[in-house]
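This report concerns only the one structure given below.
The values are calculated or read from the model by the stated rules, or taken from the named source; none is laboratory data. Computed from a predicted model, the values in this text were never measured in an experiment. Because the Cβ atoms are built from the backbone with ideal geometry, glycine has one as well, and the counts that use them run over all protein chains shown.
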Amino acid sequence: MTGQPDTTPQPDHGGTPEAAASLTDQVKAGPGGAMTDEVGVITGDVTLTTVAGPDGTATVRIQYTGAEEWYTLTGSPAPLPPRSRPAA
């Protein structure tokens, strides 16, 4: 466990160009939990937000649902898979 928790407010997902490239949802981190860079493993009800960056990577942030602090999911940012193209 290193550093202090990030207190960045929850990302704004409405009405911005970034909104199309971000997803947020609530899930349950079960046995084994989710590893974060800042505080180690967290379990239970969590909220995940994933934001696609212009560099072809996705940043994943996680928080206990209802909390103010956001943490970086270990391994983030991660490369996005190539986009599928429709057949010609």
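Worth a mention:
- Subset tally (residues that are surrounded by fewer than 13 Cβ atoms within 10 Å (Cβ to Cβ) and not charged (D, E, K, R)) for the range 40-55: 4
- Selection over the range 42-67 of residues that are over 14 Å from THR24 (Cα atoms), at pLDDT 95 or above and out of contact with any Gly (no Cβ under 6 Å at 6 or more places or on another chain) gives a count of 2.
- Lone unmet requirement of (1) modelled with pLDDT under 95; (2) surrounded by 13 or more Cβ atoms within 10 Å (Cβ to Cβ) for ASP37: (1)
- In the range 17-60, of all residues being of a type in the set (Asp, Glu) and either touching a residue at least 40 places away in the same chain (Cβ under 8 Å) or outside any strand (DSSP E or B) (or both), the one that is nearest to ALA78 (Cα to Cα) corresponds to ASP55.
- Residue satisfying all of: in the range 68-88; of a type in the set (Gly, Ala, Ser) and surrounded by 10 or more Cβ atoms within 10 Å (Cβ to Cβ); modelled with the lowest pLDDT among these: ALA78
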